[in-house]
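The values are calculated or read from the model by the stated rules, or taken from the named source; none is laboratory data. Just so we're clear, the structure is a prediction, and the values are computed from it rather than from any experiment. All Cβ positions, glycine included, derive from the backbone under ideal geometry; neighbour counts span all protein chains shown. Only protein heavy atoms, including side chains, enter the accessible area calculation; ligands, DNA and RNA are left aside. Shrake-Rupley method; radii C 1.70, N 1.55, O 1.52, S 1.80 Å.
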Amino acid sequence: MKRLASPPAERAQRLAHCPLFADLDPADLASVAAFAETRQYDQGEILFHAKAPAEGFHVVADGLVKVFRTGAEGREQVLHLFGRGEPCGEVAVFHGGAYPATAQAMTAARTLYLSRTDFLDAARRRPELLLTMLGVLSLRLRRFVDLIDDLSLKEVSARLALRLLELAGEAGAEGEGVPLRVSKATLAAQIGTVPETLSRTLARMQQRGVILVEGRTVTVLNAKALRAVADGGKV
């Protein structure tokens, strides 16, 4: 990790992309940017470890960061992937205990790090920050509930179909290629399976004309059929 010098105006501009700070007026945004620390991480570098003291959180400025937990047998479960403008580790602001999971840079990444002490000082001056954070955490909780439902109630094919539909929705309409931002191993970890099972499931979907897989690009050929698989249908 490298600490980088950056102009306060640049830090404020990057923070403005984060939902926590998007509605702050310029003066309040500048006050938060004043204590934000710019950090650079290489691909594969750890931002924080699970069970380490939670002394602050990050806002991703550039790159991709994954948050994951590792089971007793070494199997990885990806909880979140964070991109530009998304907060990472912000739960530390409330409980001040330990990080519940590990964060790792999937690509070269730049973040703005805000210490818990500095952020709470700012929140005392602007309580709206805490209300906004509550909204962000509520959305995060909903994602966790959905993840638990998916892992416990749905087959691998349904979980994969749902993830592909989400990616297709981000990328565009049916028939357009969806670039996978992560490796197939990471995608497998996201949906709670292993790469071998993921590859077999992708192959079955392709054989049935539901999708087309070309390297790390997946094209949805039949969105209706993919939705049926996501709803529990067979592939």
Checklist outcome for this item: Here the residues within the range 11-40 that are within 22 Å of Thr107 (Cβ to Cβ) and either open to solvent by 60 Å² or more (accessible area, probe 1.4 Å) or in contact with a Ser or Thr (Cβ under 7 Å, 6 or more places away or on another chain) (or both) are Arg11, Gln13, His17, Pro19, Thr38, Arg39
Item to check | Members of the range 169-188 found to be at pLDDT 85 or above and open to solvent by less than 20 Å² (accessible area, probe 1.4 Å), listed by number | outcome: Thr186, Leu187, Ala188
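Scanning for something in contact with a Pro (Cβ under 9 Å, 6 or more places away or on another chain) and at pLDDT 85 or above, does the range 217-227 turn up at least one residue? Outline the logic, then answer.
Step one: filter the range 217-227 for residues in contact with a Pro (Cβ under 9 Å, 6 or more places away or on another chain), giving 217-218.
Imposing the further condition that a residue be at pLDDT 85 or above reduces the set to 217-218.
Among the residues of the range 217-227, at least one is in contact with a Pro (Cβ under 9 Å, 6 or more places away or on another chain) and at pLDDT 85 or above, which makes the answer yes.
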Checklist entry - Of everything in the range 42-94 that's closer than 23 Å to Ile191 by Cα, surrounded by fewer than 18 Cβ atoms within 10 Å (Cβ to Cβ) and basic (Lys, Arg), which residue is farthest from the chain's Cα centre (by Cα)? => result Arg75
Checklist entry - Out of the range 205-226, which residues are of a type outside the set (Val, Ile, Thr), in contact (Cβ under 8 Å) with a residue 24 or more places away in the chain and exposed (fewer than 14 other Cβ atoms within 10 Å of the Cβ)? => result Glu214
Item to check | Extreme residue, modelled with the highest pLDDT, among residues of the range 104-152 that are assigned to a helix (DSSP H, G or I) and among the hydroxyl-bearing types (Ser, Thr, Tyr) | outcome: Thr117
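Residues being surrounded by fewer than 17 Cβ atoms within 10 Å (Cβ to Cβ) and in a helix (DSSP H, G or I): count how many of those fall in the range 194-204.
Going through the range 194-204, the residues surrounded by fewer than 17 Cβ atoms within 10 Å (Cβ to Cβ) turn out to be 194-197, 199-200, 203-204.
Subsequent filtering for residues that are in a helix (DSSP H, G or I) retains 195-197, 199-200, 203-204.
The total comes to 7.
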Next on the checklist: Residue under question is Glu155, and the condition is that it be open to solvent by 70 Å² or more (accessible area, probe 1.4 Å), modelled with pLDDT of 75 or more, charged (D, E, K, R) and farther than 30 Å from Asp42 by Cβ; does it hold?
Outcome noted: yes
